[in-house]
Amino acid sequence: MPMFAGSAFGWGCQGHQIIALIARAHLTPAASAAVDKLLSENPIDPSLSRFCRVHPADLMADSATWADDARNGLKNGAWHYVDIPLTVQEGNAMEWCPPILPAEPGKDRTGCILNALEMELGNLRDKAQAGPARAEALRYVIHFLGDLSQPLHTEDNHDQGGNCVTITPSYQDRTTNLHSLWDSGLIGNEAAQKKLTDAQMVTEIDNEFSPEWNAWSAGPVDLQAWAWDAHKVAVSMAYTDVTPHIPVAARDAGGVNDDVCTADKASTAGMHFSIGPDYAAEVLPVIHQQIAKAAYRIAGVLNSTFK
């Protein structure tokens, strides 16, 4: 799933920032202070071009989108997802996760979100690491745990996680793609329709799922289980109730490069895929759930890291 600018940011700016703010609300005082100390003493490079127009004062929320800003320069876009075929619903997710190899000049880094997260969690927990390295690892952990809960970052239907499927939502005339619809389109439209600020969205989602805090924040970190959890949502919901029906690709269909995806976007535009209010009504509660899961997992990981 190569990353297209503006169309494959897991949860988009608003979603990642909301996840971080919900997580912040559940940090212990010790963890919250340690996070702020690490991030403030090792700030984001001010020369880095930032995609998000809004830069929250909260350091966790601002850091939540750093990995998207830095990925092109670091050539590690593959670390943001794992391409489990939509036809597969169980097994070893590492089958679709190449090992992370040393960086080579001019080449993209190999790996996937699973081994990238495992590596950065290790870097964050390693107190022998220098401050800048641990701060970078913290930014990755905040971001990647958000991406891991986004269903279209854990699947591929021979369409780069929905990036190659042009689709028209009922709430707007212009087209988008299926991945972007889940990343930011549906939740952004919901906020606009309800006239909710990000702070109000944080409160609404957190209040809705607070009874799940203990279940979703406790226990060992299980990245594969969390990936399959999101993947099952992609299988059961993301491609359903789209008009006309989007077929599931064969497991051995082969790779899709950027040129093929561009052509597929054009061809699927002619198929007039669309979603209506019923799709949004069914999907939005699940998007809220996945955002809350990510936030509570982040808080649980950071609370155990910074005891």
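Tally up the residues in region 190-201 that are surrounded by 13 or more Cβ atoms within 10 Å (Cβ to Cβ), of a type in the set (A, V, I, L, M, F, W, C) and more than 21 Å from Pro151 (Cα to Cα), please.
The total comes to 1.
How many residues does region 167-186 hold that are assigned to a helix (DSSP H, G or I), touching a residue at least 24 places away in the same chain (Cβ under 8 Å) and not aromatic (Phe, Trp, Tyr)?
So the count comes out to 7.
Determine if region 79-88 includes at least one residue that is on the phi < 0 side of the Ramachandran plot, outside any loop (DSSP other than H, G, I, E, B), more than 14 Å from the chain's Cα centre (by Cα) and among the aliphatic types (A, V, I, L, M).
No.
May I ask you to list pairs of residues, at least six apart or on different chains, whose Cβ atoms are under 7 Å apart, with the first in region 96-125 being free of Cβ contacts under 8 Å to residues at least 24 places away in the same chain and under 24 Å from Leu38 (Cα atoms) and the second being open to solvent by less than 10 Å² (accessible area, probe 1.4 Å) and in a helix (DSSP H, G or I)?
Asn123/Ala137
If the requirement is being farther than 17 Å from Val221 by Cα, at pLDDT below 95 and either open to solvent by less than 10 Å² (accessible area, probe 1.4 Å) or not basic (Lys, Arg) (or both), which of these qualifies: Gly131, Gly161?
Answer to the selection: Gly161.
Only one of these conditions is not met by Arg109: (1) part of a loop (DSSP other than H, G, I, E, B); (2) open to solvent by 70 Å² or more (accessible area, probe 1.4 Å); (3) more than 30 Å from Ser236 (Cα to Cα); (4) out of contact with any Gly (no Cβ under 7 Å at 6 or more places or on another chain). Which number is it?
The single condition Arg109 does not satisfy is (2).
From the list Asp156, Asp126, Asp83, exactly one residue is open to solvent by 10 Å² or more (accessible area, probe 1.4 Å), in contact with a Pro (Cβ under 7 Å, 6 or more places away or on another chain) and not aromatic (Phe, Trp, Tyr). Which is it?
On inspection, the qualifying residue turns out to be Asp156.
Among the residues of region 89-98, count how many are part of a loop (DSSP other than H, G, I, E, B), under 20 Å from the mean Cα position of the chain (by Cα) and farther than 14 Å from Ala230 by Cβ.
Matching residues across region 89-98 total 2.
Restricting the first residue to region 70-93 and requiring it to be among the acidic types (Asp, Glu), which pairs with a second residue that is surrounded by 20 or more Cβ atoms within 10 Å (Cβ to Cβ) and assigned to a loop (DSSP other than H, G, I, E, B) meet a Cβ separation below 9 Å and a spacing of at least six or different chains?
Asp83/Met1; Asp83/Cys97; Asp83/Cys112; Asp83/Thr154; Asp83/Glu155; Asp83/Gln160; Asp83/Gly161
Please work out if Trp182 is over 19 Å from Ala281 (Cα atoms) and aromatic (Phe, Trp, Tyr).
no
What residue, among those in region 11-68 that are in a loop (DSSP other than H, G, I, E, B) and polar (S, T, N, Q), is nearest to Ala133 (Cα to Cα)?
Asn42
Run down Ala64, Ala57 and say which single residue is open to solvent by 50 Å² or more (accessible area, probe 1.4 Å) and of a type in the set (Gly, Ala, Ser).
So the residue among Ala64, Ala57 that is open to solvent by 50 Å² or more (accessible area, probe 1.4 Å) and of a type in the set (Gly, Ala, Ser) is Ala57.
The values are calculated or read from the model by the stated rules, or taken from the named source; none is laboratory data. Predicted model, so just to flag it, every value in this text is computed and none were measured. For neighbour counting, all protein chains shown are included, and Cβ atoms are generated from backbone atoms with ideal geometry for every residue, glycine included. To get the accessible areas, we keep the full protein, side chains included, count just its heavy atoms, and leave off ligands, DNA and RNA. Shrake-Rupley method; radii C 1.70, N 1.55, O 1.52, S 1.80 Å.
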